[in-house]
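For reference, the structure is listed below as structure tokens.
The values are calculated or read from the model by the stated rules, or taken from the named source; none is laboratory data. Keep in mind the model is a prediction, meaning the values are calculated, not measured. Methodologically, a virtual Cβ is constructed for each residue, glycine included, from the backbone with ideal geometry; neighbour enumeration extends over all protein chains shown.
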């Protein structure tokens, strides 16, 4: 589903070249739930934005659902992003002056679905996250957990092949975080492929597999037992 | 997607009402100021007789020496804008054009038949019958007087619709008599409202004035020694009395000729040159008089029908519009950049650059439309203000045509879309990854 091979991402200024990712390789298979962990500045979010086609990479190869994404233009990347990827952000990123249904509608509009199809998908995805009754509410009228559920409904509405979640519970209290996490697990059980970036070892352990990044490179957790211990210590 | 972007634009404008109002105000005030001046400018500089303006020619004749006093400031040809009585008579007698008419502005005292009405002065134009068909003057009742009337100095008049309304309550007055300067004149025609702007055929005094209350034969006016109400400029000695004036080189008469084809123009030009040569040979001048012919558009330019002050005013008002648009652009930039988070989310959800560009530009268009409509309202207020401050002359210039209405709205939308291009371009440049990382 998602395969990066020897991928690198460098930020260049006049005097210095900084690598956010270096020789970065990862393979996420269809139906997997992968947690990507690592300390701040390790390159987790850079990985996520490249995986989500929001950012170009400097070298290496990236195949999404079998397609080589190098050299795609803005239109092609936008279309691929719209059709194959669903984003779940830490800060929910709902558009405040659109109601719940209209927020879920956003990716469907760019997909070009007709009105009936859009309404069907909005209804289904809101029912999936248990917020069908709140479709006319505005984000400011919802709790943090409910807002994140709306964001998940938005990510699901276009039936993407891959869900990318960036600290999905980072802005939520424990109870709400648990609810969101259970929803992601449920989606995974139903066959969704999920890549979740998180600081939280408790969440990481609930994923099927954990990929740890340090200094822009994937670290083999079995050779770094302290990290695994540390991660599990918080459970 | 247009309807969707339109709905998003309305959502966005409601989100920050103060900023939206400020943008609409900035654009509306700019449009209002520029459209007010443009409306007046267009009226001043418009073609007063578009169907025939290329076929009608003002005739000039250089009966003054080259080193004589300057009559028309800035006139490089050294020609006056009017001709003398002798030229008027000679050119009329020659019948060298398809139609021709000498004319001058004068005035008479009218004593109404209705004893309840006080005598009053009327503004008249002494001319020839050809003026009416030559200038396509529309008639409500009757028509022009005859060629015989011109020859016989007949006491006949063609009156304006306004005068007919005043004296005869709008009824057909053809055949009725008017007492003018204690002489009875027979009404032969009543014209419809006819107010060419500018009053191209006589720009010597009131360029944007009315066409007057009545018309009467030139020959009759001369016989009755009716003084000109327009400008009269003289060179050399002038003998006293009316005959002295008629035999002088004073210029006080306008002369127009209708020349429908280029061949007619060429022929008339040659005729004028021959006439000038004849006049020199006759010993009237010790120089060869220059001659001039200008069609209506050329004449308006020659006579500076639109003053430089008005042109400058238009420039100033458009500069003001530019300043307003710059302000609107700044506000729009602030508004759009304030929503860069939303834009980056949309980009992440599949919007390409074109979609973001379209959304922002349609939002700018909606602001422009509102600004244009406000500008239209302010233009109407501005024109009403001008009417209340200035004379009837301005009143006649300050009509807002449907074209002007469309222009105001179109200008608002177009100018705002242009002003919105830079903020929109900036919005498109927003890197969604950086925005999302920042969150």
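Okay, residues lined up against (1) at pLDDT 90 or above; (2) under 14 Å from the mean Cα position of the chain (by Cα); (3) closer than 22 Å to residue A:84 by Cα:
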| position | (1), (2), (3) |
| --- | --- |
| A:158 | no, no, yes |
| A:197 | yes, yes, yes |
| A:210 | yes, no, no |
| A:221 | no, no, no |
> Quick check: anything in segment B:136-150 within 19 Å of residue B:181 (Cα to Cα), out of contact with any helix residue (DSSP H, G or I) (no Cβ under 8 Å at 6 or more places or on another chain) and buried (at least 21 other Cβ atoms within 10 Å of the Cβ)?
Replying inline: no
> Say we look at segment B:16-28 and pick out the residues that are out of contact with any helix residue (DSSP H, G or I) (no Cβ under 6 Å at 6 or more places or on another chain) and touching a residue at least 40 places away in the same chain (Cβ under 8 Å); which of these is farthest from the other protein chains (Cβ to nearest Cβ)?
Replying inline: B:25
>> Among (1) over 14 Å from residue A:99 (Cα atoms); (2) crowded, with 22+ Cβ neighbours inside 10 Å; (3) within 12 Å of chain B (Cβ to nearest Cβ), there is one condition residue A:165 misses while meeting the rest; what is its number?
In response: (3)
>> Among (1) over 20 Å from residue A:192 (Cα atoms); (2) at pLDDT 90 or above; (3) within 17 Å of the chain's Cα centre (by Cα), there is one condition residue A:64 misses while meeting the rest; what is its number?
In response: (1)
> When you go through B:124, B:144 one by one, which is the residue that is under 24 Å from residue B:172 (Cβ atoms) and touching a residue at least 60 places away in the same chain (Cβ under 8 Å)?
Replying inline: B:124
>> So the check is Cβ under 9 Å with 6+ separation or different chains; which pairs have a first residue in segment B:212-241 that's at positive phi and a second one that's surrounded by fewer than 17 Cβ atoms within 10 Å (Cβ to Cβ) and at pLDDT below 95?
In response: B:225/B:242; B:236/B:65; B:236/B:68
>> Go through (1) in contact with a strand residue (DSSP E or B) (Cβ under 6 Å, 6 or more places away or on another chain); (2) more than 15 Å from residue A:160 (Cα to Cα); (3) more than 11 Å from chain B (Cβ to nearest Cβ) for residue A:40 and report which single condition fails.
In response: (1)
>> Which residue is nearest to the other protein chains (Cβ to nearest Cβ), if the candidates are limited to segment A:120-145 and must be within 13 Å of residue A:99 (Cα to Cα) and within 20 Å of the chain's Cα centre (by Cα)?
In response: A:122
>> Out of everything in segment B:332-352 that is crowded, with 21+ Cβ neighbours inside 10 Å and more than 14 Å from every other protein chain (Cβ to nearest Cβ), what residue ends up being nearest to the chain's Cα centre (by Cα)?
In response: B:332
> Exactly one of (1) closer than 21 Å to residue A:152 by Cβ; (2) away from every other protein chain (no Cβ under 14 Å); (3) in contact with a helix residue (DSSP H, G or I) (Cβ under 9 Å, 6 or more places away or on another chain); (4) in a strand (DSSP E or B) is unmet by residue A:117. Its number?
Replying inline: (4)
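Would a scan of segment B:189-197 turn up a residue that is loosely packed, with under 15 Cβ neighbours inside 10 Å, part of a strand (DSSP E or B) and in contact with a strand residue (DSSP E or B) (Cβ under 8 Å, 6 or more places away or on another chain)?
Looking through segment B:189-197, none of the residues is loosely packed, with under 15 Cβ neighbours inside 10 Å, part of a strand (DSSP E or B) and in contact with a strand residue (DSSP E or B) (Cβ under 8 Å, 6 or more places away or on another chain).
Out of all the residues in segment A:87-114, which are in contact with a strand residue (DSSP E or B) (Cβ under 6 Å, 6 or more places away or on another chain) and either more than 9 Å from every other protein chain (Cβ to nearest Cβ) or surrounded by fewer than 20 Cβ atoms within 10 Å (Cβ to Cβ) (or both)?
Once the filter is applied, which keeps residues that are in contact with a strand residue (DSSP E or B) (Cβ under 6 Å, 6 or more places away or on another chain) and either more than 9 Å from every other protein chain (Cβ to nearest Cβ) or surrounded by fewer than 20 Cβ atoms within 10 Å (Cβ to Cβ) (or both), segment A:87-114 yields only A:88.
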> Would you call residue B:283 out of contact with any strand residue (DSSP E or B) (no Cβ under 9 Å at 6 or more places or on another chain), free of Cβ contacts under 8 Å to residues at least 24 places away in the same chain, more than 14 Å from every other protein chain (Cβ to nearest Cβ) and not in a helix (DSSP H, G or I)?
Replying inline: yes
> Only one residue in A:72, A:53 is within 11 Å of chain B (Cβ to nearest Cβ) and assigned to a loop (DSSP other than H, G, I, E, B), so which one is that?
Replying inline: A:53
> Among the residues of segment A:75-86 satisfying the criterion of being more than 7 Å from every other protein chain (Cβ to nearest Cβ) and touching a residue at least 40 places away in the same chain (Cβ under 8 Å), which is surrounded by the fewest Cβ atoms within 10 Å (Cβ to Cβ)?
Replying inline: A:83
>> Looking at (1) modelled with pLDDT of 75 or more; (2) away from every other protein chain (no Cβ under 14 Å), which one does residue B:398 not meet, given that it meets all the others?
In response: (1)
